[in-house]
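This report refers to the structure that appears directly beneath it.
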Amino acid sequence: MIDFDHCLDTAKSAALLAGEFLSQARGKDIKVLLNKDRDIKLQIDLDAENIIKEFLSSHSSFSILGEETGLSDELGEFYWVVDPLDGTSNFYRDIPICCVSIALVHVTKPVLGVIYDFNHDDLFCAHQDSKAYLNNKEIHVSSLSQKSESTLVTGIPAKTNYTDDEFSKMISDFQSWKKIRMIGSAAMAAVYVAAGKVEMYKENGIFLWDVAAGAAIVNSAGGIASLKNIHSDFRVDARFSNKNIEE
């Protein structure tokens, strides 16, 4: 039997450690490992992931899937999924929309999530048997049901082909919403849904580590988080809503 409260405390501690490290590095000279096409990787991503992995490994026996370092071991029934810095480009350009994201996944279902918005010292968390919280205060999805009154958050993954056809489909969808936002962090988009700030986040071809923690938090906040079409490279199609919006 998994002690989800203990696992949540472990993930929260790991996220806070990494967040403190990232906060202290802001404004300093950041080493760029890769800046090609539409992707960017920083040394600090790798450093933060190693901080998280070291803490998780010393406090649990689950394998770890990290964005930067891949699998620590064969995936078991339960495993951690880590994005040490979701919104790397934002962080690099000093745009304060980025976070640490840690999830516990059971087979393919996220059952626990912690997202630490270190820019604002906001800690979002939940597991499958708990409510969703922001800094120990319970949060809920919004009650809006009409797209014409609602906000959609989406993004354009780095692996997208950027074809006219892809953009044409996106624009057609955009026209039915009151507001559209692209913020550069899938994890932050997810907790905005969970906290009732927006009504839906959706993005195809996004990586599991970008959305796993958010999925668990949205579900516990009364919403519906769907992850479909999971690929071998861990890309998924994500759709998180307040469950009142119909498509």
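The values are calculated or read from the model by the stated rules, or taken from the named source; none is laboratory data. Predicted, not measured: the structure shown is a model, and the values here were computed from it. Cβ sites come from the backbone with ideal geometry, for glycine too, and all protein chains shown count toward neighbours. In case anyone asks, the SASA skips ligands and DNA or RNA and just uses the protein heavy atoms, side chains included. Shrake-Rupley method; radii C 1.70, N 1.55, O 1.52, S 1.80 Å.
Using a 1.4 Å probe on the protein heavy atoms, what percent of the accessible area of the chain belongs to carbon and sulfur? Present the calculation step by step, with values, prior to reporting the outcome.
On the way: 5470 of 11940 Å².
So the carbon and sulfur contribution to the accessible surface is 46 percent.
Relative contact order, whole percent, for segment 1-115 stands at 24, derived from Cα pairs under 8 Å and 6 or more residues apart. Diffusion coefficient (Stokes-Einstein, Kirkwood radius over C-alpha pairs, 10 °C, 1.306 mPa s) for the chain: 89 µm²/s, rounded to a whole number. Of 12/243; 147/197; 202/228; 12/131; 131/243, which ones are farther than 20 Å apart at the Cα? Too far apart for the 20 Å limit: 12/243.
Over segment 1-90, what lengths in whole Å, largest first, do the semi-axes of the equivalent ellipsoid take, defined as the square roots of 5 times the eigenvalues of the alpha-carbon gyration tensor?
Working: eigenvalues 132, 48, 18 Å².
In descending order, the three semi-axes are 26, 16, 9 Å.
Round to the nearest 0.05 the FRET efficiency obtained for residue 108 and residue 170 when R0 = 25 Å and r is the Cβ-Cβ distance. Numbers along the way, then the final one.
Details: r = 27 Å, r/R0 = 1.06.
Working from the Cβ atoms, E equals 0.40.
Projecting the Cα atoms of 65, 84, 55 onto the dipole axis of segment 20-104, where Lys and Arg carry +1 and Asp and Glu carry -1 at the beta carbon, places 84 farthest toward the positive end. In this Cβ point-charge picture (+1 for Lys and Arg, -1 for Asp and Glu), segment 51-199 has a dipole of about 540 debye about its Cα centre.
For the chain, the solvent-accessible area of protein heavy atoms averages 48 Å² per residue (probe radius 1.4 Å; ligands and nucleic acids excluded).
Under the membrane-span-like helix rule (DSSP H runs whose alpha carbons stretch at least 20 Å along the helix axis, mean Kyte-Doolittle hydropathy -1.0 or higher), the chain yields 4-25, 43-59. Using a Cα-Cα cut-off of under 17 Å, which aspartates and glutamates could be cross-linked to residue 41, ignoring same-chain neighbours fewer than 8 residues away? By straight Cα distance, residue 41 reaches 29, 49, 67, 68, 83, 86, 94, 210.
Can you pull out the GluC sites (Glu not before Pro) in segment 61-140 whose DSSP state is coil and whose Cβ has at most 11 other Cβ atoms within 10 Å?
Numbers: sites: 67, 68, 74, 77, 138; in loops: 67, 68, 74, 77.
In loop regions of segment 61-140 (DSSP not H, G, I, E or B), the sparsely surrounded GluC sites (Glu not before Pro) are 74, 77.
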